[in-house]
């Protein structure tokens, strides 16, 4: 799926701004053929939850409505016009001038629809009905229930089966773009790198609709100078003396694609791409033939007021803070991030583990880890959950969206699923097969495993290229006892190395809740001193394990969760506060990471 751009043949209308907004009380039917019966507004793009002073609206479970209006300039009337949502969380029904024009389920991937047949001359009314309901068929997974009040009115309840707030709404940009009636529909770029000869054969496949008699592809270098060109909708172009896209040192080529008729350019689009080679070999993660070491974070799209909504200044700041610390990577925990963030990472040389929204795939999810004491613990996740269809859909949509991004080095198929329970392999095997079939660049695949899934109990390790562990020894297990935590960390990593000697191992989560400004002479949990000692302990063990290829801590910044006795206005495991102020441990991690090279740390 192409990102919407203005080109010589295309225009772009941004619908960001104030939209009418209301929650649906489900007492009086709302007719989309009529204007929305409210004058209340929210800003788009953003989550609706934190734009209100009303607890009722903020914590609403069920349906909400958005509405705006727009005009189309007369010169565009003969063009193909497409309405595109960066996302709509979690399910959307879209109406234009009272007619339903599309429906999409899944809150973190884009969707679009042609609108020419539904337009009027002026003041077009765009209405969106959204659901933030999550249940055992959706991703993420929610515990859904219903009750009735004294008057018999249905009350909907969503208890998140995951540890972050269920922000919802039109959280990413909504745009209208134009194309000619004959147009470029998609572009797939697959660089095949010959490292020894500094050459890349770049396969460019172009999907078109309508009448073209020629497709021209020109590859431009980072300065905009033509490098090579050819004529075909499916061709391979060779770049000699190629500039590689390297972690922290990005170099982006551009593929300018032109659809021609009778020698005239009808439609054009330019796709940025980087040339790099990613592979897993001999228990190493290789980028451009060199062993890469992941330094970075699990993260969230989470900021004040915006909630999970697109916030470009925060994205830019986050990348600058990462690079200043010597970090080189992050995981899009626990859902695909905005396209704008992916494009930023392409430009900045940040390596991304791109994760689906498959979080909560464990019906016994909670803070009670007493089941860790047993290696034969089972739950009934794979008989109760019905998420396979949604999971397959989102794998397809995330790969269609992100297939050309140089920053994407690995797909994460799920986070902390019940891979220790009966039926897990049968659930995940078709999904890994699907991802590997769909990805034209054949990137490695993984999932991040929860602590109950260990070398003895995890049924699905054979499916992954990289073992990615979420571990909290010293926090959820042996809280405050770093000596015991160190031994448990070392013993488990050695067990994985012995059992799976061909697979690289990394940590994709590890951390300790830390209250900024809380200090202790006794290294008590929640203090800034304990957080630093915790990371010093884990670092010591990481450096001992030859096949250990990366450390992505949890979390980059404090973030909002549902309320509960385990959480005080959110999860405090950030090494930065939610407002991006550093905790004490940042200085230690900066010193460590700036002294660890991106390549060749463990040869």
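Read-outs: derived from the displayed coordinates by stated rules, not from any lab. The shown structure was predicted, so the numbers you read here are calculated from the model rather than taken from an experiment. Glycine gets a Cβ as well: all are built from the backbone with ideal geometry, and neighbour counts include every protein chain shown.
List of remarks:
- For a label point 7 Å along the Cα-to-beta-carbon line of residue 596, residues of region 323-338 with backbone N under 19 Å: 323-333
- The chain - percent relative contact order, Cα under 8 Å, separation 6 or more: 13 percent
- Cα centroid of region 372-449 to Cα centroid of region 459-510, whole Å: 19 Å
- Region 11-56 and region 533-600 have Cα centres spaced 37 Å apart.
- Using the Cβ-Cβ distance between residue 27 and residue 518 with R0 = 41 Å, the FRET efficiency computed as 1/(1 + (r/R0)^6) comes to roughly 0.35.
- Per-residue Cβ neighbour rank within 10 angstrom, fewest leading, 299, 494, 56: 56, 494, 299
- Mean separation of Cα contacts under 8 Å (6+ apart) over length of region 281-366, as relative contact order %: 27 percent
- Inter-label distance, nm, simple model (7 Å from Cα along the C-beta direction), residue 52/residue 135: 2.2 nm
- The Cα center of region 214-277 and the Cα center of region 137-160 differ in position by 50 Å.
- Beta bridges from DSSP with both residues in the chain: antiparallel share about 75 percent, rounded to the nearest 5.
- Listed values (1) 39, 33, 21; (2) 60, 33, 29; (3) 30, 28, 27, entry calculated as semi-axes √(5λ) of the Cα gyration tensor in Å: (1)
- Sorted by Cβ neighbour density within 10 Å, fewest at the top, the residues 153, 90: 153, 90
- Structural descriptor for region 12-179: relative contact order 30 percent, calculated from alpha carbon pairs under 8 angstrom and at least 6 residues apart.
- Rounded to the nearest 500, the 222 nm mean residue ellipticity of the chain from helices alone is -5500 deg cm²/dmol, with -39,500 (n - 2.57) taken per DSSP H run of at least 4 residues.
- Separation of the residue 74 and residue 584 label points, Cα + 7 Å toward Cβ, nm: 7.0 nm
- With both labels modelled 7 Å from their Cα along Cα-to-Cβ, the residue 540 to residue 12 distance reads 5.1 nm.
- Extension reserve of the residue 324-residue 186 stretch, reckoned as 0.36 nm per residue once the Cα distance is removed: 46.1 nm
- Additional length obtainable on full extension of the chain from residue 392 to residue 251, 0.36 nm per residue less Cα span: 47.5 nm
- Förster radius 22 Å - calculated FRET efficiency between residue 281 and residue 228, Cβ distance, rounded to 0.05: 0.15
- Relative to the current alpha-carbon distance between residue 577 and residue 116, full extension at 0.36 nm per residue lengthens the span by 161.3 nm.
- As a proxy for reagent exposure, ranking 281, 175 by other Cβ atoms within 10 Å from fewest up yields 281, 175.
- Once the Cβ-Cβ distance of residue 196 and residue 151 is raised to the sixth power relative to R0 = 60 Å, the FRET efficiency obtained is 0.20.
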